[in-house]
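S.K.: Please see the structure below; I have some questions.
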Amino acid sequence: MKKRTIIEPFKIKMVEPLTFLTRDERKRVIDEAGNNLFLIKSEHVTFDFLTDSGTTAMSAAQWGAMMVADESYAGSRSFERFRATVEKVMGFSHVIPTHQGRAAERVFFGQLVKSGHKIPSNNHFDTTRANIEFLGAEAVDLVVEEGKDPANPAPFKGNLDPVKLEKFCAENRGKIPIGMITITNNTGGGQPVSMENLRQVASIYKKYGIPFIIDACRFAENSMFIKTREAEMGSRTVASIARETFDFADGCLMSAKKDAMSNIGGFIALRDDRWLADLRNLLILTEGFPTYGGLAARDLEGMAVGLIEVLDENYLTYRLAVSSYFSEQLNRIGIPTMRPAGGHAVYIDAKAFLPHIPPEQFPGQALAVELYLAEGVRSCEIGSAMFGKFTTESSGAKKFVPAAMELVRLAFPRRVYTQSQFDYIIEGFEEIALNKDRIRGLKLVYDPPYLRHFTARFA
Ligand SMILES: *Cc1c(COP(=O)(O)O)cnc(C)c1O
């Protein structure tokens, strides 16, 4: 019999108690933090959905492998085990470890990207974009149109638009040192890219002689979406889908804090050795020797085990069920979300949910604060608190330009929370939905010059 209930496919042998504060205690905490959830301590949070990055619960097998790691400075056997695993899963034999994803980006782009270059992708993640722009190049987003519409339930909203890409490559000959795609499309809400799109994108890059590099942070989640949503993929194993994904590419950049199920780590993986010597020289400058790259050998062991565990289809069924279940439950109680749910996160549409709060009073931030007060949930506003701008008009008057969307992101750590905990949270959200008219807007009282969301204060 096929069961209706999708369960956590693991036993739990190490636990950490949840902390519960009263609403009054939380009120004191959030007041002191200027209504900014980045400024509160994790010990004051009950359910931490700030990010899925590096927050994974590692397995007994990962911890076990870490205990027998070979911490030799050069030629460690842990490096060889890690390298061989990357080759087995992705087919790339040349592997350069880094301390996390953005270090892989900095080393790789530092070698290949020059001022005046343009790098296309579906959507660049923010550290990817920042590392490209830092070199004086342009990061260009060419996601399909449906990827920009939060209500459109299309199955592969992370796809890179092949028509736009063809035109872009034809118009920018000689300026594109590499072409990219992000799987899943984090900036676009964790939406997947189809195998058909990967094939099209690879052939366009090939036609123009552009090396194809995948930002592979959530490659296993993307492969599971392909298995469940794309025609003729249902009978394939996720491992073979993942392998075919990488077969289209010349290499990948990876943050191991996502689908390598690790708390830290990253890598560059490449099919051939054309850039290898130069990349290793850059690596030695800031990350370390090529067989550890800014990590301990035990981290390499953890990643090697994680890269295999993440392809377990029971795990991936449960993983994708977390966000789809959570978003269905939110929609059931009248809380609108971006559709369909992404792989690692659910995005609440705060503009639609709280129409009585205008953008200049930060409806997303107001909702994030209420989710904390009511439930001890830490989420992340992705709206006008993060991206809104103040401009001065010719008359001298100050004007607020809001973000295009007012979203609150709940990103789910891997293997950390259970279904009954999600049901408990949803119960509390029902209360919030009933009394949403009482939620009040916020006023920005400290506006830092850079990256407002990390340090801003609101009243
Ligand atoms: C997290 C992430 C990165 C950067 O990785 P870090 O390990 O956080 O430095 C790059 N691209 C995508 C798509 C990511 O999700």
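S.K.: Please go through segment 244-270 and pick out each residue that is away from the ligand (no atom under 16 Å from the Cβ) and crowded, with 18+ Cβ neighbours inside 10 Å.
M.R.: PHE248, ASP250, LEU270
S.K.: Here is a further query. What about GLU71, is it in a loop (DSSP other than H, G, I, E, B), of a type in the set (Asp, Glu), away from the ligand (no atom under 15 Å from the Cβ) and surrounded by fewer than 18 Cβ atoms within 10 Å (Cβ to Cβ)?
M.R.: yes
S.K.: Among the residues of segment 155-189, which ones are more than 19 Å from ALA411 (Cα to Cα) and in contact with a Lys or Arg (Cβ under 9 Å, 6 or more places away or on another chain)?
M.R.: Result: PRO155, PHE156, GLU166, PHE168, CYS169, ASN172, LYS175, ILE176, PRO177.
S.K.: Among the residues of segment 182-201 satisfying the criterion of being assigned to a strand (DSSP E or B) and near the ligand (Cβ under 9 Å from one of its atoms), which is farthest from LYS148 (Cα to Cα)?
M.R.: Among those that are assigned to a strand (DSSP E or B) and near the ligand (Cβ under 9 Å from one of its atoms), it is THR182.
S.K.: Among the residues of segment 120-141, is there at least one that is within 23 Å of the chain's Cα centre (by Cα), closer than 22 Å to ALA260 by Cβ and acidic (Asp, Glu)?
M.R.: yes
S.K.: Which one of ASP299, ASP273 is more than 16 Å from the ligand (Cβ to nearest atom), modelled with pLDDT of 95 or more and not assigned by TED's automatic domain parsing to the domain that holds HIS344?
M.R.: After ruling out the rest, the residue left standing is ASP273.
S.K.: If the requirement is being aliphatic (A, V, I, L, M) and within 16 Å of the ligand (Cβ to nearest atom), which of these qualifies: ALA239, ALA220, ALA231?
M.R.: Criteria check complete, one pass: ALA220.
S.K.: Within segment 202-223, count every residue that is of a type in the set (Phe, Trp, Tyr), in a helix (DSSP H, G or I) and either farther than 21 Å from ALA103 by Cβ or in contact with a Pro (Cβ under 7 Å, 6 or more places away or on another chain) (or both).
M.R.: 1
S.K.: Here's something else I'd like to know. What are the pairs with Cβ atoms under 8 angstrom where one residue, in segment 265-277, is among the charged types (D, E, K, R) and the other, located anywhere, is more than 16 Å from the ligand (Cβ to nearest atom)? Sequence gap at least six, or different chains.
M.R.: ARG271/GLY91; ARG271/PHE92; ARG271/SER93; ARG271/HIS94; ARG271/ASP250; ASP272/HIS94; ASP272/ASP250; ASP273/HIS94
The rows are residues; the columns are (1) charged (D, E, K, R); (2) part of a helix (DSSP H, G or I).
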residue	(1), (2)
MET405	no, no
ARG415	yes, no
SER420	no, yes
PHE429	no, yes
ALA433	no, yes
ARG440	yes, no
PRO448	no, no
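S.K.: May I ask you to list the residues in segment 13-57 that are within 16 Å of the ligand (Cβ to nearest atom) and more than 17 Å from ALA456 (Cα to Cα)?
M.R.: Selection gives PHE49, THR51, ASP52, SER53, GLY54, THR55, THR56.
S.K.: Since ILE382 meets every condition but one in (1) in contact (Cβ under 8 Å) with a residue 40 or more places away in the chain; (2) buried (at least 22 other Cβ atoms within 10 Å of the Cβ), which condition does it not meet?
M.R.: (1)
The values are calculated or read from the model by the stated rules, or taken from the named source; none is laboratory data. Owing to the predicted nature of the structure, the values given are computational and were not obtained by experimental measurement. So basically every Cβ, Gly included, is an ideal-geometry build from the backbone, and we count neighbours across all protein chains shown.
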